[in-house]
Protein chains: 2
Amino acid sequence: MLSIGDLSRRTGVKIPTIRYYEQMGLIAAPERTEGNQRRYTSTELQRLSFIKHARDLGLNINAIRDLAELSADPDKPCADVHSIANDHLTGIREKILRLLRLEKELQRIVRGCDTDQVGDCRVIEALCDHALCAQDH
Amino acid sequence: MLSIGDLSRRTGVKIPTIRYYEQMGLIAAPERTEGNQRRYTSTELQRLSFIKHARDLGLNINAIRDLAELSADPDKPCADVHSIANDHLTGIREKILRLLRLEKELQRIVRGCDTDQVGDCRVIEALCDHALCAQDH
DNA sequence: ATAATCTCTCTAGTAACTATAGGTTCAAGG
DNA sequence: CCTTGAACCTATAGTTACTAGAGAGATTAT
């Protein structure tokens, strides 16, 4: 049996986060000692590792809850699993595109300034006037 | 004189957000009518446009507050302005890199699965076992 | 004058935690 | 067996940048 600290060390999930996940229903409430401390089994270790991994991949808690539910049923079709993953992938790609646009624009703005005084700093100027932008963002 | 609705329409910043910015000290408290409604001038229109533009570029409120303060002083060196912009640019680039890594990994995971049943779905499997990952994330 | 629209304040909710306070339990050493 | 220090407990509030809603009052057009 693992204490919450043990579980934390093994998964890399911080202790308050583990309690938070329990509160959010992502992991089941574990057994307790007589003194009311949580004790975990390897089942919960696996489950939390799964969650951690999914979080590291950027999935949100709802998506993870859904995935976890789906994975409990080995005979079901896994189309839903793929759909969650693909939606997430699409979201990531959109974010990447947006950030790339921002990067370009910011770079252009910063490079456009060759003065040392705020009074004629192109960065400030560009921020003041959206019309100076090369593209949407 | 502009009402808060006018200001909102002209800047694209929602009304509650304008009030929020006032509360946060990003914009000064404007004049009021006898009936206690806010009335804005073109000064505030400019300021809010500046803020909106900076937000659209992804700058956070603290950074914007700093930029706005700096821009009030035309004789100061603009090194600090550039430093804020460059820090932000660095942050954006880091985010892009992280998302690109995530995208690759997720893509690999999703493509690796050619079954239809949850029981042997590679996506679930990959999430359960971090060792199956090709790289860090 | 009245109706329709706008605005006011205040509170609470969002996502996913993190931090803190004040108290209890556990495990190891003497 | 007892002590002590580390680990654990709950509950509450704070983080970021808003957004939603309630209930009341103001403004504008007809």
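Helix-derived [θ] at 222 nm for chain A: sum -39500 (n - 2.57) over DSSP H runs of at least 4, divide by residue count, nearest 500? If you can, show how the numbers build up before the last one.
On the way: 6 runs with 83 residues, N = 137.
It comes out at -19500 deg cm²/dmol, rounded to the nearest 500.
Going 7 Å from Cα along the Cα-Cβ axis for the label, what nanometre distances separate B:THR41 from the same residue across the other copies?
So the label point of B:THR41 gives 7.3 nm to the other copies.
How far is helix B:79-111 tilted, in degrees, relative to the longest principal axis of the Cα atoms in chain B, given as a value from 0 to 90 rounded to the nearest 10?
30
For chain B, give me every cysteine whose Cβ has no other Cys Cβ within less than 4.7 Å, ordered by residue number.
For chain B, the answer is B:CYS113, B:CYS128, B:CYS133, because their Cβ atoms have no other cysteine Cβ under 4.7 Å.
Modelling each spin label as a point 7 Å along the Cα-to-Cβ direction, I'd like the A:ASP75/B:ARG19 distance in nm, to one decimal.
5.6
Pop out the carbon and sulfur fraction of the accessible area of segment A:79-132 as a percent, whole number, probe 1.4 Å.
Numbers: 1430 of 3060 Å².
Ligands and nucleic acids excluded, carbon and sulfur give 47 percent.
For segment B:4-71, what is the accessible area per residue in Å² when the probe is 1.4 Å? Don't jump to the answer; show the numbers that get you there.
Details: 3790 Å² over 68 residues.
For segment B:4-71, the per-residue accessible area is 56 Å².
Give me the extension gain from B:ARG9 to B:ALA28: residue separation times 0.36 nm, minus the current Cα-Cα distance, reported in nm with one decimal.
Between B:ARG9 and B:ALA28, full extension yields an extra 4.9 nm.
Determine, from the Cβ-Cβ distance of A:ASP129 and B:THR90 and an R0 of 41 Å, the FRET efficiency 1/(1 + (r/R0)^6), rounded to the nearest 0.05.
Numbers: r = 25 Å, r/R0 = 0.60.
Rounded to the nearest 0.05, the efficiency is 0.95.
Note the full-extension length gain between B:SER42 and B:ASN60 as 0.36 nm times their separation in residues minus their Cα-Cα distance, in nm to one decimal.
Numbers: separation 18, 0.36 × 18 = 6.48 nm, distance 2.37 nm.
Here the answer is 4.1 nm.
How big is the B/A interface in buried accessible area, both sides summed, 1.4 Å probe, to the nearest 100 Å²? If you can, show how the numbers build up before the last one.
On the way: alone 10080 and 10080 Å², together 15760 Å².
Roughly 4400 Å².
Using the Karplus equation 6.51 cos²θ - 1.76 cosθ + 1.60 (θ = phi - 60°), what ³J(HN,Hα) coupling, rounded to whole Hz, does each residue of segment B:28-35 give in order, writing x for Gly and Pro?
6, 5, x, 4, 10, 6, 4, x
I need the inter-copy label distances for A:ASP114: point set 7 Å along Cα to C-beta, values in nm with one decimal, smallest first.
Copy-to-copy label distances for A:ASP114: 5.8 nm.
Angle, helix B:61-71 long axis vs. longest principal axis of chain B, Cα atoms, 0 to 90°, nearest 10?
40
If you put a point 7 Å past Cα along the Cβ direction, how far is that point for A:ALA131 from the same point in each other copy, in nm, smallest first?
With the label placed 7 Å along Cα→Cβ, A:ALA131 yields 6.3 nm.
The values are calculated or read from the model by the stated rules, or taken from the named source; none is laboratory data. In this text, all values refer to a predicted model and were calculated from it rather than measured experimentally. So basically every Cβ, Gly included, is an ideal-geometry build from the backbone, and we count neighbours across all protein chains shown. Side chains included, ligands, DNA and RNA excluded: accessible areas come from the protein's heavy atoms. Shrake-Rupley method; radii C 1.70, N 1.55, O 1.52, S 1.80 Å.
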